[in-house]
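As structure tokens, the structure follows; a few thoughts come after it.
The values are calculated or read from the model by the stated rules, or taken from the named source; none is laboratory data. What you see is a predicted model; the values in this text were computed from it and never measured. Reconstructed Cβ throughout: ideal geometry from the backbone, glycine too, with neighbour counts over all protein chains shown.
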Amino acid sequence: MADTTTLGVAIEFLNKLGFFDVVLPFLLVFTIVFGVLEKTRLFGTVKLKDNDVPRKDLNSMIAFAIALFVVSATKIVQTIKTSMPQVALGLIIIVSFMMLVGMLLGQGKNIFDKEYLGQGWVIFFGVLIFIGLIGVFIFSLGWWDPVYSFMAHWLSKDAVLGVFILLVVAFAVTYIVGGSNKTGDGK
């Protein structure tokens, strides 16, 4: 599908130029590796005006080399190109969820405060978000196809629906029964 807008033509030009296959993955990997090396100070520090600062020369060269290796591996670049938009969508979903929870909690309350952190729903949604992000990478790497064909071969839709209903009921019962012990009756 050809886009006739000026911006669409510019994006298509950048795509043909290799901007999305070389430049953006290189910058992403370089920035992440350099940031991690700066934060961890893995290769030591140097004295600069009575302060210990990370070795920017070594950190930048190592980050540069790793980023070039990643760009040269086309499968990794393709995985990055497939995963990053989905990760961004995951971030949008997480921020939207946190905005909704923040609206329910009220002004000045934080979902990560100690009073909320030990509650089951925070743990449940944390696990759910983690599983969702792992799923994004499984889909982008193409690992889902063999799993799906195995499940489609051995499981019917009714069996999957039955297992899902059992899990929902088990979670609900666990949540309800677990919550009744906090009434303060001592039993």
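Return the total of residues in segment 32-43 being touching a helix residue (DSSP H, G or I) at 6+ places or on another chain (Cβ under 8 Å) and surrounded by fewer than 13 Cβ atoms within 10 Å (Cβ to Cβ).
0
Within segment 44-66, can you find the residues that are surrounded by 13 or more Cβ atoms within 10 Å (Cβ to Cβ) and of a type in the set (S, T, Y)?
S60
Among the listed residues K182, K187, which satisfies the condition of being loosely packed, with under 10 Cβ neighbours inside 10 Å, in a helix (DSSP H, G or I) and either modelled with pLDDT under 70 or assigned by TED's automatic domain parsing to the domain that holds G90 (or both)? Working first, answer last.
On the way: K187 fails: in a helix (DSSP H, G or I).
Unique residue meeting the criteria: K182.
Going residue by residue through segment 39-48, is there one that turns out to be assigned to a helix (DSSP H, G or I) and over 18 Å from T82 (Cα atoms)?
Kept after step one, since they are assigned to a helix (DSSP H, G or I), are these residues of segment 39-48: 39-40.
Remaining after also requiring over 18 Å from T82 (Cα atoms): 39-40.
Yes, there is a match, as at least one residue in segment 39-48 is assigned to a helix (DSSP H, G or I) and over 18 Å from T82 (Cα atoms).
Would you point out which residue out of K16, K39 is under 28 Å from I134 (Cα atoms) and not β-branched (V, I, T)? Spell out the reasoning first.
On the way: K16 fails: under 28 Å from I134 (Cα atoms).
None of the others qualify; the one that does is K39.
Condition (residue is part of a strand (DSSP E or B), hydroxyl-bearing (S, T, Y) and either modelled with pLDDT under 90 or under 30 Å from G135 (Cβ atoms) (or both)) applied to segment 59-77: is it met by at least one residue? It would help to see each step written out before you state the result.
Going residue by residue through segment 59-77, those that are part of a strand (DSSP E or B) are none.
No, every residue in segment 59-77 fails to be part of a strand (DSSP E or B), hydroxyl-bearing (S, T, Y) and either modelled with pLDDT under 90 or under 30 Å from G135 (Cβ atoms) (or both).
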